[in-house]
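Worksheet for the structure shown next.
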Amino acid sequence: MTQALHKLATDILQINDRGSYTVPTKGLYPFQWNWDSCLTALGQRHFDPARALTEIETLFAHQWPCGMVPHIIFHLRDEGYFPGPDVWDCGRPVPTSGITQPPVAGFALRRLLDSAPDLRMRARPLLDRITAWHRWFHATRDPKGTGLVALIHPWESGRDNSVDWDVPFERVPTSGIAPYTRRDTQHADPAHRPTKDQYDRYIWLVERFRGLGWATEKLHDASPFQVVDPGFNAILIRSCLDLADLAEDLGAPDIAAANRGFAHAGLQALEHLWSEARGQYLCLDRTTGALIDSPSSGGLLPVFAPIPQDKAARIAATIDGHGTQYRVASHAPGTPGFDAQRYWRGPVWLVVNYMIADGLDRAGESAAAIAITRSSLDLIGSSGFAEYYDPLTGQPLGGGQFTWTAAMVLEFLSGARRSMGNDTSA
Ligand code: GLC
C-alpha cells in the first residue's frame, strides 16, 4: 500500500514536471505557482534532490528587482487561465502576476538541504534572494513596523476565498472593472469555486494595482484591503528562522541576524491575534484595527512557528473539536460561512495539514500530529490525489492529479515511517 502510494505520488510529480518547474495540475493551473513550487520541491527531494532545488531556483529567477516573488510565473502562453499576463501587465521579461504568496521558500530550502547537504553550495545564492524577499515584506507590507505583514489581495494568502476575507472585502468596490470571462469554472464545478461577486473584487484590486504601475512600495497604502493573516505571518516567521539556521551553517551571519530579527518581532506581535474564545489566532483587519472573528485554518497555522506551548496545545484541542471525519477543515464546521465543498471555506487541503502537523509535532503534540497525518493518508487512499476534499465525506474536489497533494503524500509517508521507527528515506 505504502509503496503503491509512493509510486502514484512520484508519477504525478513527473507528469506535471515541465523541466525546470512543475504545474499544479494541467488545465486548471497551467503555470508555475509560488508556494506550490516550494512545497513541490519537498516531494521531489525524495527521488531527485537536484531537481527539487531547480524548482526553487526557477521561481527565484523571476524575483522582481524590489525583492517581491510573484505568485504566478507565466512561462508559456495558455488561454485557459484567467486572469492571464495581459490582465496583470507587470512589464516583466517573462510575464508574472504582481502579487505574492505565502513565503514558504526558506522552510522548504532548509528541509531540502537537510536531506541533501551536497547541494548547499549550489543553494547559497538563494539565501540572499530569499532574504531580499523577507526584507521586501517588512519594508512594504509593514510600513509602520508592527512586526507583522499585511496582504493586499486575498490570493496572496493562498487561501483564496476564505471566510476571513468576507468582511474586509465589503470595502472593495466591484464597479468599473473591464468585462471578463472566468476560466476556472470551465475546469471545475462552479458550486465549489468562488462566487462572481468575489471574483469582481479580486479583479478590481488587480486593476487598482496595475493603475499604480505595480510600484510595490505604494500598493499597501493604496489598497482598501489590508489584512494581517496569522497563518501567512507564521509561515514567514518559520522561513526566517530556518533561513537563519542555514545562514549560520553557511557562514553568513548578517543574513542570519536579519532573519532572526524579523522572526522575533513577528512572534511577539502574533500574540495580539490570539483569541481565547476561539482557541486559535484570528486575522486582523488593518484598516479598522479590529480582529476578524472568523475561525479558519489560517488561525491554526501559527503552530508552524514556535508559538507558546499552551497555544499549541489549544490549537490541537480546537482541531479535535471540529469533529469532522477528515481533518483539518479550512473553516470551523458549524460556524457562519462554513461550506464543506466550496474551495477554502471548509474543505481539507493537504499542504495546510502538513504544516500544521509539522508544527504540532515540533511542539510536542505528537498525537495530534499523527492524527492529521493518518487522516491525510486515509483521504488519499479513499479519494486519490485531489486538489482538496470535503472534510465530512472525503469526497475529492477541484482538480485531479494534483502536484502539491502528491508532494505532501511523499512527505507524510516518510514522516509516518519515521514515527514507526524505520525511516528509510530523507
Ligand atoms: C489556488 C489556491 C492557491 C494555489 C493555486 C495553485 O489558487 O488557492 O493556494 O497556490 O490554486 O495550486
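Being free of Cβ contacts under 8 Å to residues at least 12 places away in the same chain and part of a loop (DSSP other than H, G, I, E, B) is a description that does not apply to Gly364. Considering the range 99-215, the qualifying helices (runs of 4 or more DSSP H), each wholly inside and each with 1 or more residues that are touching a His at 6+ places or on another chain (Cβ under 8 Å), in contact (Cβ under 8 Å) with a residue 12 or more places away in the chain and crowded, with 16+ Cβ neighbours inside 10 Å, run over 105-115, 120-141, 196-211.
Considering Ala61, Ala52, the condition of being more than 16 Å from the ligand (Cβ to nearest atom), among the small types (Gly, Ala, Ser), farther than 17 Å from Gly399 by Cβ and within 19 Å of the chain's Cα centre (by Cα) is satisfied by Ala52 alone.
Candidates are the residues of the range 68-81 that are assigned to a loop (DSSP other than H, G, I, E, B) and at pLDDT 95 or above; the one that is nearest to Gln101 (Cα to Cα) is His71. Taken across the range 336-343, residues that are open to solvent by less than 10 Å² (accessible area, probe 1.4 Å) and among the hydrophobic types (A, V, I, L, M, F, W, C) do not occur at all. Residue pairs whose Cβ atoms lie under 8 Å apart, separated by 6 or more positions or on different chains, with the first residue in the range 23-47 and among the small types (Gly, Ala, Ser) and the second within 10 Å of the ligand (Cβ to nearest atom), are Gly27/Gly399; Gly43/Thr403; Gly43/Trp404. Quickly run through the range 272-288 and pick out the residues that are under 12 Å from Thr146 (Cα atoms) and surrounded by fewer than 20 Cβ atoms within 10 Å (Cβ to Cβ). The answer is His272, and nothing else.
Look at Val87 and say whether it is of a type in the set (Val, Ile, Thr), assigned to a loop (DSSP other than H, G, I, E, B), over 20 Å from Ala263 (Cβ atoms) and open to solvent by 30 Å² or more (accessible area, probe 1.4 Å). No, not satisfied.
On the basis of being open to solvent by 50 Å² or more (accessible area, probe 1.4 Å) and part of a loop (DSSP other than H, G, I, E, B), does Pro65 make the cut? It is true that Pro65 is open to solvent by 50 Å² or more (accessible area, probe 1.4 Å) and part of a loop (DSSP other than H, G, I, E, B). When you scan the range 138-158, do you find a residue that is within 16 Å of the ligand (Cβ to nearest atom), modelled with pLDDT under 95 and not aromatic (Phe, Trp, Tyr), even just one? No: zero hits. Please work out if His75 is free of Cβ contacts under 8 Å to residues at least 40 places away in the same chain and either surrounded by fewer than 17 Cβ atoms within 10 Å (Cβ to Cβ) or more than 20 Å from Val351 (Cα to Cα) (or both). Criteria not met by His75. A single entry from Thr185, Thr195, Thr174 fulfils the requirement of being away from the ligand (no atom under 16 Å from the Cβ) and among the hydroxyl-bearing types (Ser, Thr, Tyr): Thr174. Highlighted here are the helices (runs of 4 or more DSSP H) found entirely within the range 216-318 that include at least 2 residues which are touching a strand residue (DSSP E or B) at 6+ places or on another chain (Cβ under 8 Å): 230-249.
Taking the conditions (1) among the hydroxyl-bearing types (Ser, Thr, Tyr); (2) surrounded by fewer than 24 Cβ atoms within 10 Å (Cβ to Cβ); (3) farther than 21 Å from Tyr354 by Cβ in turn, Thr96 satisfies each one other than (2).
One residue stands out in the range 367-401 among those that are part of a loop (DSSP other than H, G, I, E, B) and under 19 Å from Thr40 (Cβ atoms): the one that is most open to solvent (accessible area, probe 1.4 Å), namely Gln401. A single entry from Ala407, Ala363, Ala357, Ala316 fulfils the requirement of being within 16 Å of the ligand (Cβ to nearest atom) and at negative phi: Ala407. Looking only at the range 333-347, which residues are under 12 Å from Leu392 (Cα atoms), in contact (Cβ under 8 Å) with a residue 40 or more places away in the chain and in contact with a strand residue (DSSP E or B) (Cβ under 9 Å, 6 or more places away or on another chain)? Result: Phe338, Ala340, Gln341, Gly346, Pro347.
The values are calculated or read from the model by the stated rules, or taken from the named source; none is laboratory data. Note that the structure is a prediction, hence the values are computed from the model and not measured. Neighbour counts are summed over all protein chains in view; Cβ atoms, including those assigned to glycine, are modelled from backbone coordinates with ideal geometry. These accessible areas exclude ligands, DNA and RNA; they are computed on the full protein's heavy atoms, side chains included. Shrake-Rupley method; radii C 1.70, N 1.55, O 1.52, S 1.80 Å.
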